[in-house]
């Protein structure tokens, strides 16, 4: 760490404590850790009566002003006020890597306008508080693009680990493949890594996924999220996962139970969906060639399947191999004279490919053909 301090005129330099006024023109901090840039500090230190003082100044990173501050002690009562101007981060100003280097990768992709502040008033005044505001934010998480991020976090400045009620997060635009949606959440932050979600709703794929209230300790991952799913449009699901070759019509409702645990991370214990009414499924791309007449029949049926019943269940770690089971009842008007059949399909693989396995040219899972044949007999 290198630093440079320049002192101004001293009106009472003989005092053993500190002078009437001390000016710090520049305090330069550089090194590894929180940042890859250089912070600079400029401040004035004034003596206020017997035992009192006040310091005012500003903190900068390069040409950007990060914060102004004022703190001191008067009549044996300390006071602190620190505020940031509207600070552009990411593509809006200071690179996020310089501010969030040790934090998770999604934060290091963040851009937007950031404001923060802290007030510690004398004698624990009700004015004591701390806050963090992000406006017009954008980020990318595992290929999902977020835009229009707005959040305001408020804390008790006397106990920085305790947040005040009413934390909020809003994401005006979420892009998943060709689909767009939005997110709104109300939550409370507890001491340490505790999080209580009071309300969270994701509008996506033409429908709504609403999280039931839940309390979690992110430092000791062992909790379950339960969500209600309503009015999901199958056409949008097909657009995301079907690679342009899968078409589907229908509306899905259901529930999802997802558990957070180590080392697996997020695990789908039971994501269950059911079609509200009849619809269609069809595959317009090339289908796997097969000499097995049973699988050939399934291939022909899936080219234009009119279902009267559709149910699906997804289980397994979201970052690993998932198991998808799809139950269909219906017919293909051009196959078997439109005779009604029941299909019980099970696919396995990573999220994003699980819907295509066995249809887009990948080998069918072991035993799938026999199960399909039993369903057709």
Q: Could you pull out the residue among 134, 146, 110 that is at pLDDT 80 or above, crowded, with 17+ Cβ neighbours inside 10 Å, more than 26 Å from residue 59 (Cβ to Cβ) and under 21 Å from the mean Cα position of the chain (by Cα)?
A: 146
Q. Taking into account only those residues within segment 291-334 that are in contact with a strand residue (DSSP E or B) (Cβ under 6 Å, 6 or more places away or on another chain), surrounded by 17 or more Cβ atoms within 10 Å (Cβ to Cβ) and not in a strand (DSSP E or B), which is modelled with the lowest pLDDT?
A. 302
Q. Given (1) over 24 Å from residue 209 (Cβ atoms); (2) surrounded by fewer than 18 Cβ atoms within 10 Å (Cβ to Cβ); (3) at pLDDT 75 or above, where does residue 180 come up short, assuming only one miss?
A. (1)
Q) Going through segment 213-255 one residue at a time, which ones are touching a residue at least 60 places away in the same chain (Cβ under 8 Å), touching a strand residue (DSSP E or B) at 6+ places or on another chain (Cβ under 8 Å) and in a loop (DSSP other than H, G, I, E, B)? A) 242, 245, 250
Q. Which of (1) more than 21 Å from residue 137 (Cβ to Cβ); (2) surrounded by fewer than 16 Cβ atoms within 10 Å (Cβ to Cβ); (3) modelled with pLDDT of 65 or more; (4) in contact with a strand residue (DSSP E or B) (Cβ under 8 Å, 6 or more places away or on another chain) is the odd one out, the single condition residue 77 does not satisfy?
A. (4)
Q. Would it be correct to say that residue 268 is in a strand (DSSP E or B), surrounded by 18 or more Cβ atoms within 10 Å (Cβ to Cβ) and modelled with pLDDT of 90 or more?
A. no
Q.
Can you go through 274, 259, 245 and tell me which one is out of contact with any helix residue (DSSP H, G or I) (no Cβ under 7 Å at 6 or more places or on another chain) and farther than 30 Å from residue 196 by Cα?
A. 245
**Q.** Lone unmet requirement of (1) crowded, with 18+ Cβ neighbours inside 10 Å; (2) at pLDDT below 90; (3) within 18 Å of residue 116 (Cα to Cα) for residue 156
**A.** (1)
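The values are calculated or read from the model by the stated rules, or taken from the named source; none is laboratory data. All of these numbers come straight from a predicted model, not from anything done at the bench. No Cβ is skipped: glycine too gets one built from the backbone with ideal geometry, and neighbour counts run over all protein chains shown.
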